[in-house]
């Protein structure tokens, strides 16, 4: 290469390197600016959402408290010796329905009745039956001291509330209701303005949970609610049983933690804490800092620039390719500046280029496997109660047009105990499925649910119970589903096992929805509906979730209303799993690594020098025999992999085999040409030096380009 050509090449490469570097820096600055704007927006959204929930929750709680305040005011405005307490109690009970218990309790001998203790109350859904607390326990026990644990004893609530009237009490176990309650008590006064009793209203932990779950914090965000005494009243990731167990413990309640990382994802999160006005309770939310939030757009007023973001943060593969290209061009510029090149420097160049491409491949592996992102769902992911309630409301309007009546919603729950991949397209699933029917809904179904994708299904009724005016029927099932899995990115692929559910009354106006009551949390990363000690050989659970999809069919199924050309809501339960990298590495990548190392050993033995040929034992027939053996080793492993995956296209790992085949062929051709003493500069240059120098750079660059192609 002449100096003039070398200089032109250097200038060209230098300009390309500078331009690409400038472009990368500009894109990085733009991306960082946008990233900061997204963080600021998510921070504001998290704070505003927390304030919105706290304000709305305060209104709902104060509305319930107003019932007790109105009752107390009514009883205080007249002489209790001449008033009908139970009649007034019933009147206030009929006006409201947001509580589970409404009642009054008087001091000993202060009720104006013949009873020493008098505390009538009415339970919700009790047909206006008046009961009395004093029949269950003596609530007049005097509370003294500051022992927090005494707050939870029912006999002390009255004494505690008389000292702090007009407050929400710490949760305690109410014997008359056989449940933990949160009680608000308002004072009742006599004509001398002296406290003679309390009007109280109770809400359950379940009611509080249902109220909080109306707020949509989006997937994998959560909130907690704690009383001023430190009792945990609600947590998005805990069920009522866990909350009650903690309340029944002997330890004093804790304090809200300032979480800076999301418990489910381990990623940074915004923690906001606000007090619920009128209660003394504390509300804390944990919202992922990098979550996709509603209302933010990259084209909004916060982001306006003449230079667009070509490479976004969500496309790490493009960043890897750009950095590898800049590094390669930059190093090429440096080596062109050398005044002389030695053999040692040539080997150094080969190692540097190999390192660049190898790091590029590993970086793509890391971003595709180590930093897994959520797949975009085809329908509506049901991650909380607010989402399903909105979906039911929207669907009801559509259903009225097709069926001229409101749809029947049947809550369905799933508990998966095992999953086994039988083949590339068949998967075996076992577990329990149950339906929750309300009074008046038909529940005499033999199997309740149909699995449309099932090859075979075995279902047996496991239990049938009636509780709280509902009939719950559960079945144990074993089913083999035929699904379409895409192994195109094997061994860095992630698959989704979906369980599609139809009701047995398929064709009617019956819609299956998730049974929210049966799960502690529907956050996808909390793995709802999955056995705790779940074993799935070769795979790792990533997330599970319910999903509502509107599927369109081109038939009416011989009478199904509104189906042909119309959307039918169907329930899916999805389980996303990531493949364990270690198994394919040991089974496929490691043997291929050994093959390419042995191929390079063959290349090293090639020489035109007779003395070296005799020492290394090089001959063309030996190279052909060795390459043939290595070819069949790779071919057998390749065929076995194709049979296991049953892929309809070329998967990522196959490019490794294809490149290996090309190198086997090229090494064989090089050996033959070298033996024939062909007058080719590539073969004869410095005793076949070029194939030895470019072997690894050519191999790793080929793998890098194939990696970019597959993960683009």
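Rule-based calculations on the coordinates, nothing more; no lab input. Keep in mind it's a predicted model, so treat the numbers as computed, not measured. Neighbour counts run over all protein chains shown; Cβ positions are idealised from the backbone, glycine included.
In table form, for the structure just shown:
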{"read-out": "Relative contact order of the range 408-516, defined on C-alpha pairs under 8 angstrom at six or more residues apart (%)", "value": "34"}
{"read-out": "Centre separation in Å (Cα based) which lies between the range 27-74 and the range 490-548", "value": "30"}
{"read-out": "Rounded, prolate or oblate (a/c below 1.5 giving rounded, otherwise prolate when a/b exceeds b/c) for the range 651-712 by Cα gyration tensor", "value": "prolate"}
{"read-out": "Pair-distance profile P(r), taking every C-alpha pair of the chain, with 20 angstrom steps and integer %", "value": "13, 33, 29, 16, 7, 2, 0"}
{"read-out": "Dmax and Rg, reported as Rg then Dmax, of the range 584-710 (C-alpha, Å)", "value": "15.9, 51"}
{"read-out": "Point-to-point label distance, residue 593-residue 193, nm (Cα→Cβ direction, 7 Å offset)", "value": "8.6"}
{"read-out": "Cα-based shape type of the range 437-512, given that a ≥ b ≥ c are square roots of the gyration tensor eigenvalues and the cut on a/c is 1.5", "value": "prolate"}
{"read-out": "Sum of -39500 (n - 2.57) over DSSP H runs of 4+, divided by residues of the chain (222 nm, nearest 500)", "value": "-13000 deg cm²/dmol"}
{"read-out": "Percent of beta bridges antiparallel (DSSP, the chain, rounded to nearest 5)", "value": "95"}
{"read-out": "Compactness relative to 2.2 N^0.38 Å, alpha carbon Rg of the range 420-567", "value": "1.16"}
{"read-out": "Protection proxy ranking of 478-489, 61-72 - average other beta-carbon atoms within 10 Å, highest first", "value": "61-72, 478-489"}
{"read-out": "Kirkwood Rh, angstrom, the range 473-540 [1 / mean 1/r, Cα pairs]", "value": "15.6"}
{"read-out": "Over the chain, relative contact order from alpha-carbon pairs under 8 Å, at least 6 apart, %", "value": "11"}
{"read-out": "Cα-based helix-to-principal-axis angle, 385-403 vs the chain, degrees rounded to 10", "value": "90"}
{"read-out": "Relative packing of peptides 440-449, 541-550 - highest average C-beta neighbours within 10 Å first", "value": "541-550, 440-449"}
{"read-out": "FRET efficiency for residue 369 and residue 689, using Cβ-Cβ distance with R0 set to 35 Å, rounded to 0.05", "value": "0.40"}
{"read-out": "Relative packing of peptides 513-525, 682-694, 5-17 - highest average C-beta neighbours within 10 Å first", "value": "513-525, 682-694, 5-17"}
{"read-out": "Kirkwood-based shape ratio for the range 30-184, expressed as Rg/Rh from alpha carbons", "value": "1.17"}
